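K.L.:
Dumping the structure here so I can ask a few things about it.
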Amino acid sequence: MKRHNRAALAVAALALVVPVSGCASLLSPHQTAEYHYNGGDGAWGTVGDVEVRGLMLITDETGEGPAQLFFTLINKGDSTAKVSVDVAGTSVTESVKAGETFVQDPESPATTTEDVVTVDQLDAEPGDLVEVTVGVGGEEKIIEAQLLTDSLPYYEQYVPSESPSNVPSEDATSTDEAATEGTAAANG
C-alpha cells in the first residue's frame, strides 16, 4: 500500500508543479497585456487629443519624383484642434472639429478635401523612413512615415505627376525649331 501512496503523492506533486512552471505564464499579465494593432497602411501616432493614422508618402518607383502625402486625423478632444503636418518643408494646417475626422486622400470616398499635398524637396530613397512633424496646439511629435512607391499596383494611381512646366508635350517644338521652320517657309 505504501507504493500506491508514493505514486499518488508523486502525481499530486506533478499536478502542483505544472501550473507553477512556464506553461502557466501564458495567463500572466505580462503575456496578456493589451496590444493595440492599427491595421492599414501608413504610420500612426497620437499628439494631444488627435490621433494620426495612415501617415505615408508615395512616389514613383525611381524615387526621383515628388511624393504625395496621405494622412487621417481623428480629434478625440472636446474642442476644435488646429493640426499642422510638416514634412521636408511642405506644411499643411487643418482644423478638425471635436469628435470629427479629417481624411487627406483625394481618391478616397471618405476624403475631406480633394486637394493633393505634394512634397517636392524630399531627400529620401524609396523604403526610407521620413520624419513628419505633427503639431497640435503647443505640442509636437515626430512620426516616422515610410516612403512607398508604385511598385505595388494599388499605389499606382497615387503617384503625383510632375508639374506641367517640367514635362514637355509630344507635339511641343522648341522656339528655335519653330523660328527656323517659319523662316524656311517664308523663303521657300
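K.L.:
For ARG3 and LYS82, compute 0.36 nm times the residue count separating them, minus their Cα-Cα distance, and round to one decimal in nm.
P.N.:
Stretched out fully, the ARG3 to LYS82 stretch lengthens by 20.6 nm.
K.L.:
Of the accessible area of the range 58-133, with the probe set at 1.4 angstrom, what percent is carbon plus sulfur?
P.N.:
So the carbon and sulfur contribution to the accessible surface is 38 percent.
K.L.:
Let me ask something else about it. Can you work out the accessible area per residue across the range 49-147, with the rest of the protein chains kept in place, probe 1.4 Å, in square angstrom?
P.N.:
Per-residue accessible area for the range 49-147 comes out at 52 Å².
K.L.:
What order do ARG3, ARG53 take when sorted by accessible area (1.4 Å probe), most exposed first?
P.N.:
From most exposed to least exposed: ARG3, ARG53.
K.L.:
How far is it, in nm, from the label point at TRP44 to the one at SER108 when both lie 7 Å from their Cα along the line to the Cβ?
P.N.:
A separation of 1.2 nm, rounded to one decimal place.
K.L.:
Using C-alpha positions alone, give me the convex hull volume of the range 33-160 per residue in cubic angstrom.
P.N.:
116
K.L.:
Heavy atoms only, probe 1.4 angstrom, no DNA, RNA or ligands counted: give me ILE74, ILE142, ILE58 ranked by accessible area, highest first.
P.N.:
Putting ILE74, ILE142, ILE58 in descending order of accessible area: ILE142, ILE74, ILE58.
K.L.:
While we're here: To the nearest 10 Å², what's VAL136's accessible area with a 1.4 Å probe?
P.N.:
20
K.L.:
Quick check: net charge around ASP49, other residues with Cβ under 11 Å of its Cβ, Lys/Arg +1 and Asp/Glu -1?
P.N.:
Charge balance in the 11 Å sphere: -2.
K.L.:
Label GLU156 and GLU94 with points 7 Å out from Cα along Cα→Cβ: what is the distance between them in nm?
P.N.:
Simple spin-label model gives 2.7 nm for this pair.
K.L.:
Need one word for the range 99-153: rounded, prolate or oblate. Basis is the Cα gyration tensor (sqrt eigenvalues a ≥ b ≥ c); a/c below 1.5 gives rounded, then a/b vs b/c decides.
P.N.:
Since a/c reaches 1.5 but b/c is at least a/b, the shape of the range 99-153 is classed as oblate.
K.L.:
Right, next: Quick check: residue separation of THR101 and VAL11 times 0.36 nm, minus the Cα distance between them. What number comes out in nm?
P.N.:
26.4 nm
The values are calculated or read from the model by the stated rules, or taken from the named source; none is laboratory data. Just so we're clear, the structure is a prediction, and the values are computed from it rather than from any experiment. Counting neighbours? That spans all protein chains shown, and the Cβs are built from the backbone with ideal geometry, glycine included. The accessibility values were calculated without ligands, DNA or RNA, using every heavy atom of the protein model including side chains. Shrake-Rupley method; radii C 1.70, N 1.55, O 1.52, S 1.80 Å.
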